[in-house]
Amino acid sequence: MVAHEGRTREGKGSGRLAMRGVWHRFAMRNVWHRFAMRGVWHRLANSVVVGYLAAGVFTALVRGSDDEWLLVHLFLLGAATNAIVIWSSHFTTTLLPPAFRPRRVGASALLALNVGVVCVLAGVSANVIAVTIAGAALVSSVVAYHGVVVGMAARRARGGRFSTPVRFYWVAAIAVVIGIAAGTTMAQGISSPWYARVFAVHVQLNVFGWIALTVLGTEFALWPMVLRTRMADGVDRAARQTLGLCAVGLVIAVAGFFAANRAVAAAGLVAYLAGAVRSLEPFTKTALRRRPHTPSAWMLAAATTWLVVVVVADLVLLARSSSLDAYAGSVESLVPWAIAGFVMQVLVGALTYLLPVVVGGGPAGGRRAAGLLDRWGAARTLA
């Protein structure tokens with residue numbers, strides 16, 4: 001009887017161990033399945049970004065500056081906007097605690113976003129205003145929805161370590177929705193005194209608001225990851241001050257341009273520049289602790305430098321211009337420098353680091369992908 005009970009207990013114990021092993025294998029298979037699906041998702045989503053970049057390069061080679069508007073918007077509206085929506089959603093769900101994480105941007109939202117982008121590009125190129133307005137409304141709706149989701153998540157996680165960088169995304173979304181409205185207004189045709197004002201607002205909000213604020217907010221967390229070191233002390237305080245200065249500066253600059261008051265607009269750009277420079281303190285401290293040693297790190301460092309250079313150049317152009325019309329003409333020539341030096345390097349540098357991390361294949365696959373993307377990295381960065 002005792003022997004029988006012992007065998008029964010042993011059998012139950014073995015059965016529990018066997019079931020536990022089956023559950024463990026199932027759970028691990030499910031985890032790897034999720035990672036594999038995430039890798040497939042990022043491959044597909046970021047192929048759209050690469051597609052717009054390739055289209056922009058092709059347009060530059062074939063048409064040169066004959067169609068500068070299309071060239072600029074392939075890079076900014078196409079590649080940069082897709083990358084921002086994809087990766088700001090990724091970082092929001094990664095940085096915030098699990099209880100406050102929103103849902104990531106899905107395939108339907110990205111499809112709607114790109115239908116809107118194509119409509120804007122085609123509508124302006126073919127001078128069909130109804131298509132342009134419909135596309136702009138679609139892009140604005142997707143970005144606004146994304147901004148609301150991110151903003152609510154950051155508010156719920158208020159006081160958390162990474163809630164402040166996520167707020168950059170919310171402010172950036174507000175900026176681009178207004179910037180798209182300004183661009184749509186120009187596409188419909190407006191009189192000369194107002195065209196320069198609206199054009200200046202369109203450029204500031206889309207470049208310094210949508211793209212630059214997103215980059216600055218992300219770099220507080222991304223830069224230490226790229227250098228594979230810990231964050232510098234005082235990052236949260238620096239992020240709050242950077243966001244405050246840049247957001248207030250952008251509001252003042254936009255108000256100054258709308259009012260055709262160049263002094264007020266210049267004061268806003270000075271405040272924005274102060275915010276960008278404030279972000280360099282933890283950036284520099286981290287780089288001094290672990291110096292950049294990969295192509296992605298050098299590209300991000302160069303892009304951040306170019307951002308400061310572009311803001312200074314914008315301020316100089318505004319100060320030297322005799323009127324707002326003259327400034328609008330001169331700042332248009334600054335946009336390609338912002339694209340090449342700042343936007344392109346940020347995209348290429350960030351994707352060089354991030355894609356091997358998320359495309360799947362485990363640690364070995366990530367190392368192989370990183371090794372492939374790092375080939376000729378110094379030459380690419382120098383070029």
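The values are calculated or read from the model by the stated rules, or taken from the named source; none is laboratory data. If you're wondering where the values come from, they're calculated on a predicted model, not measured in any experiment. Using ideal geometry, Cβ is built from the backbone for each residue, glycine included, and neighbour counts are taken over all protein chains shown. We work out accessible area using only protein heavy atoms, side chains counted, and drop any ligands, DNA or RNA first. Shrake-Rupley method; radii C 1.70, N 1.55, O 1.52, S 1.80 Å.
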The stretch 118-231: relative contact order as a whole-number percent, Cα under 8 Å and 6+ apart
24
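Return the carbon/sulfur percentage of the accessible area of the stretch 232-383, one whole number, probe 1.4 Å, all protein chains in place. Each step should come with its number before you reach the end.
Details: 4790 of 7100 Å².
Answer for the stretch 232-383 is 67 percent, counting heavy atoms of protein chains only.
Under 20 °C and 1.002 mPa s, how fast does the stretch 169-266 diffuse according to Stokes-Einstein, given a Kirkwood radius computed over C-alpha pairs? Answer in µm²/s, whole number.
Values: Rh = 14.6 Å.
The calculation lands on 146 µm²/s.
Give me D for the stretch 232-313 in µm² s⁻¹, whole number, from Stokes-Einstein with Rh from the Kirkwood sum over alpha-carbon pairs, 20 °C and 1.002 mPa s.
On the way: Rh = 13.7 Å.
This corresponds to a translational diffusion coefficient of 156 µm²/s.
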For the stretch 104-188, the percent of accessible surface on carbon and sulfur atoms (probe 1.4 angstrom, ligands and nucleic acids excluded) is 69
Can you work out the FRET efficiency for the pair R230 and V309, with r the C-beta to C-beta distance and R0 = 22 Å, to the nearest 0.05?
0.15
Arranged from highest to lowest average of other beta-carbon atoms within 10 Å per residue, in what order do the peptides 257-263, 316-322, 169-175 appear?
169-175, 257-263, 316-322
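Subtracting the Cα-Cα distance from 0.36 nm times the residue separation, let me have the gained length for R290 to A267 in nm, one decimal.
On the way: separation 23, 0.36 × 23 = 8.28 nm, distance 3.55 nm.
My answer for the length gained is 4.7 nm.
L243: net charge of surrounding residues, Cβ under 12 Å, Lys/Arg +1, Asp/Glu -1, itself excluded?
Working: positive: R167, R237, R240, R278; negative: D236.
That sum, taken over residues with Cβ under 12 Å, equals +3.
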Using alpha carbon centroids, what distance separates the stretch 241-279 and the stretch 293-356, in Å?
17
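Please work out the average accessible area per residue across the stretch 253-313, using the 1.4 Å probe convention, and give it in Å².
On the way: 2510 Å² over 61 residues.
That works out to 41 Å² per residue.
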